[in-house]
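See below for the structure under consideration.
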Amino acid sequence: MTSRTRFLAALFASLLPFAAPSFSQAQTDVPTASDLTAKVEELQRELEDVRAQLAALKKDGAAPSAAAATATAATAPAAGSSSTSLASLLGPTSLSGFVDTYYAYNSNQPTSRTSGFRSFDGQANQFALNLVELVVDKQPVAASSRTGYHIALGFGQAINAVNVSDPGGLGFDQYLKEAYFSYLAPAGKGLQVDVGKFVTPAGAEVIETKDNWNYSRGLLFSYAIPYYHFGMRAKYTFNDKYSVTGYVVNGWNNLVENNTGKTYGMSLGWNVTKKVTVTQNYMAGPEQASNSNWRQLWDTVITYSPTGKLSLMANTDYGRGDRVAGITHPVFWTGVAGYVKYAFNPNYAIATRYEYYDDHDGFTTGTAQNFNGITGTFEHTIASHILGRLEFRRDMSNRPTFIKGNNNPVLAQNTAAAGVVFMFDSREAK
């Protein structure tokens with residue numbers, strides 16, 4: 001019941017005895033003329049009070065009181081002020097990146113201060129810069145804009161290792177990790193086409209430390225597969241279980257083509273269950289100056305997460321097809337890696353990796369040899385945007401290809417590293 005209704009009800013109750021007196025009262029208490037005059041005057045005064053109350057109620061309902069208006073003005077942003085966040089300023093474009101640094105120790109104490117067969121964390125017994133990356137990204141969306149783009153710039157040892165084999169030379173695209181344009185074609189649920197430079201679909205690991213389970217990259221990542229491609233890819237997702245991607249590119253790790261052929265590839269993604277995923281990649285094409293020798297790569301990655309804390313992953317690679325002087329058959333290489341990760345909670349985790357790599361003809365490492373490697377990594381999320389890792393790794397070869405001291409070949413190499421990654425993302429900015 002509103003205040004206006006309660007007031008009128010009380011007033012009606014107070015007037016009821018005068019408007020409808022009982023029959024017995026009418027017989028015994030007959031009011032005089034003076035009494036009637038007094039009652040009329042009293043009723044007039046009460047009627048005026050009712051009108052005043054009604055006017056006040058109407059005024060309160062139509063506009064806020066002065067106190068309320070003052071409070072509203074105090075809490076409203078001043079004219080010309082801005083509470084716009086960085087994310088709203090960028091709109092559909094996001095800006096992200098990280099700084100990845102580490103200190104590595106090699107028990108062999110090589111005079112070159114370089115660990116053998118390590119791609120991104122090769123500097124030993126010193127502080128080093130792994131990678132600084134800056135990413136500008138806009139995903140194509142069917143409901144708003146079907147075009148998008150992705151540009152990733154990198155600085156440091158890792159980006160130099162990625163781009164050093166380009167026929168155009170390291171200076172040609174030394175700081176460019178990725179740069180491609182995207183278009184989401186209105187075909188079925190959407191066919192996304194990307195044109196430009198993009199990282200390879202092969203392998204269980206990626207260039208960015210923060211997205212891997214271990215700090216260092218494995219031998220399969222460094223020697224069995226390419227880092228990137230330049231060309232075109234098209235991906236179609238049929239449903240939440242199946243997707244397929246096709247590739248037409250210049251080849252392995254080259255913006256500048258070294259022959260007149262092209263490399264073709266396909267990736268099949270299969271979400272077997274919510275806990276099991278399988279990705280199968282295949283690429284084939286001429287990578288040497290002659291178009292006659294086609295390099296082929298079969299790459300398989302399987303992940304299994306039996307619980308929310310435990311994750312398992314396996315990766316196999318087999319490559320063949322190139323020909324070199326002195327070897328009558330096409331060269332080949334093969335490898336397998338297994339990973340286990342356990343997260344105690346969102347801030348602490350441990351991960352292990354075992355891998356076997358056989359460079360049968362010495363085509364990828366320079367020496368015909370096979371490796372066994374084991375890695376253990378402790379991970380701690382120091383803060384919301386700071387990731388720390390401690391790692392021990394032992395690599396062993398059947399040939400003395402690791403260096404100890406001043407150019408003394410040995411069969412094994414032990415290393416330890418402490419890495420820190422500082423991350424940022426405009427989508428999390430306030």
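At a glance:
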{"item": "Net charge over other residues, Cβ less than 11 angstrom from the Cβ of Gly122 (K, R count +1; D, E count -1)", "result": "+2"}
{"item": "Environment charge of Gly246, counting only residues whose C-beta is closer than 12 Å and scoring Lys/Arg +1, Asp/Glu -1", "result": "+1"}
{"item": "Net charge of Cβ neighbours under 11 Å - reference Leu312; Lys, Arg +1; Asp, Glu -1", "result": "+2"}
{"item": "Restraint check, Lys138/Lys197; Lys235/Lys309; Lys138/Lys210, Cα-Cα greater than 23 Å", "result": "Lys235/Lys309"}
{"item": "Segment 302-430, dipole about Cα centre (Lys/Arg Cβ +1, Asp/Glu Cβ -1), debye to the nearest 20", "result": "260"}
{"item": "Positive-end residue, segment 373-426 charge dipole about Cα centroid, Cβ charges, pick of Gly405, Phe378, Phe392", "result": "Gly405"}
{"item": "Dipole magnitude of segment 226-283 about its Cα centre (Cβ charges: Lys, Arg +1; Asp, Glu -1), debye to nearest 20", "result": "260"}
{"item": "Segment 153-268, dipole about Cα centre (Lys/Arg Cβ +1, Asp/Glu Cβ -1), debye to the nearest 20", "result": "260"}
{"item": "Backbone HN-Hα couplings from phi across segment 364-372 [Karplus 6.51/-1.76/1.60, Hz, Gly and Pro as x]", "result": "9, 10, x, 9, 5, 7, 10, 10, 10"}
{"item": "Derived scalar couplings ³J(HN,Hα) [segment 97-107; Karplus, 6.51 cos²θ - 1.76 cosθ + 1.60; whole Hz; x for Gly, Pro]", "result": "x, 6, 10, 10, 10, 7, 10, 10, 10, 10, 5"}
{"item": "Accessible surface of Met266 - all protein chains present, 1.4 Å probe, nearest 10 Å²", "result": "100"}
{"item": "Lys/Arg +1, Asp/Glu -1 at C-beta; segment 105-252 dipole; positive extreme among Ser222, Asn163, Ser182", "result": "Ser182"}
{"item": "Heavy-atom accessible area ranking, 1.4 Å probe, most first, across Trp213, Trp270", "result": "Trp270, Trp213"}
{"item": "Under 5 Å, built H, 5+ apart or other chain: amide partners of Leu191", "result": "Ala185"}
{"item": "For Leu86, solvent-accessible area (1.4 Å; no DNA, RNA or ligand), Å²", "result": "80"}
{"item": "Solvent exposure ordering (accessible area, 1.4 Å, most first) of Tyr236, Tyr227, Tyr103", "result": "Tyr103, Tyr236, Tyr227"}
{"item": "Rounded to the nearest 10 Å², the accessible area of Asp49 at probe 1.4 Å", "result": "90"}
{"item": "Long-range amide H partners of Val410 with built H, under 5 Å", "result": "Thr401, Phe402, Ile403, Lys404"}
{"item": "Ile382, Ile151, Ile327, Ile207, ranked by accessible area, largest first (probe 1.4 Å)", "result": "Ile382, Ile151, Ile327, Ile207"}
{"item": "Table column - 3J(HN,Hα) (Hz), segment 342-353, Karplus curve with 6.51, -1.76, 1.60, x for Gly and Pro", "result": "10, 9, 5, 7, x, 10, 9, 7, 10, 9, 10, 9"}
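The values are calculated or read from the model by the stated rules, or taken from the named source; none is laboratory data. Please read all numbers here as calculations on a predicted model, not as lab measurements. For neighbour counting, all protein chains shown are included, and Cβ atoms are generated from backbone atoms with ideal geometry for every residue, glycine included. All accessible areas refer to the heavy atoms of the entire protein, side chains included, with ligands and DNA or RNA removed. Shrake-Rupley method; radii C 1.70, N 1.55, O 1.52, S 1.80 Å.
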